[in-house]
Amino acid sequence: MKTITRKEFIEQVGVGAAVLFVAACAGSCQKTSSSPSGPTNVNFTVDVSTGALATNGGYLIQSGVIVARTTSGSFVAVSATCTHSGGTLGYNSSSNIFQCPLHGATFNTSGVVTGGPAPTNLQAYKTTLSGNSLHVYS
Ligand code: FES
């Protein structure tokens, strides 16, 4: 039996632990998955001439969907429920992102995770503006 020094032992165990961590992480540590989550069969209309959506940077939540009017005046809609632990998202107009107040997850206006612990993207919804009527739908 070969005797190894303390330094050699630590080096070998350290390399082994790193290999195990990488192997374990390869299958489960990805930040996002390919299937976003959120309400299905979304179909509602919002009057954007009054209320939060009358102003650029405003947002509201309806039927589990957060609808925001960006600072450039376009409308975006994604699931309002954070994919981490179910926090209700807000819209940060200065950064043009959706944010979770619970643990800080962030999503872009397409619902893609851009930071924090959220494991999956948000479901994004279509929007069509006709006059002052904004149609939000799956
Ligand atoms: S519930 Fe949203 S980051 Fe944890």
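The values are calculated or read from the model by the stated rules, or taken from the named source; none is laboratory data. Here the structure is a predicted model, which is why all the values come from computation and not from measurement. In this analysis, Cβ positions are derived from the backbone assuming ideal geometry, glycine residues included, and neighbour counts consider all displayed protein chains.
Can you go through Asn108, Asn132, Asn121 and tell me which one is more than 16 Å from the ligand (Cβ to nearest atom) and at pLDDT 95 or above? So the residue among Asn108, Asn132, Asn121 that is more than 16 Å from the ligand (Cβ to nearest atom) and at pLDDT 95 or above is Asn132. The condition of being surrounded by fewer than 16 Cβ atoms within 10 Å (Cβ to Cβ) and at pLDDT 95 or above holds for only one of Gly64, Gly58, Gly16, Gly27, that being Gly64.
Does segment 108-138 hold any residues that are farther than 12 Å from Pro36 by Cα, part of a strand (DSSP E or B) and in contact with a Gly (Cβ under 9 Å, 6 or more places away or on another chain), and which are they?
Passing the criteria: only Gly115.
Do we find that Ser85 is away from the ligand (no atom under 15 Å from the Cβ), in a loop (DSSP other than H, G, I, E, B) and surrounded by fewer than 19 Cβ atoms within 10 Å (Cβ to Cβ) in this structure? Against the criterion (away from the ligand (no atom under 15 Å from the Cβ), in a loop (DSSP other than H, G, I, E, B) and surrounded by fewer than 19 Cβ atoms within 10 Å (Cβ to Cβ)), Ser85 does not qualify. Taken over segment 59-73, the residue count meeting the criterion of being within 16 Å of the ligand (Cβ to nearest atom) and over 17 Å from Tyr125 (Cα atoms) is 0.
Within segment 100-135, the residues that satisfy the criterion of being without any contact (Cβ under 8 Å) to a residue 60 or more places away in the chain and closer than 25 Å to Thr50 by Cβ are Thr109, Lys126, Thr128, Ser130, Gly131.
Answer with yes or no whether Ser138 is in contact (Cβ under 8 Å) with a residue 60 or more places away in the chain and in contact with an Asp or Glu (Cβ under 9 Å, 6 or more places away or on another chain). No: the conditions fail for Ser138. Screening Val76, Val113 for residues that are within 13 Å of the ligand (Cβ to nearest atom) and at pLDDT 95 or above leaves exactly one candidate, Val113.
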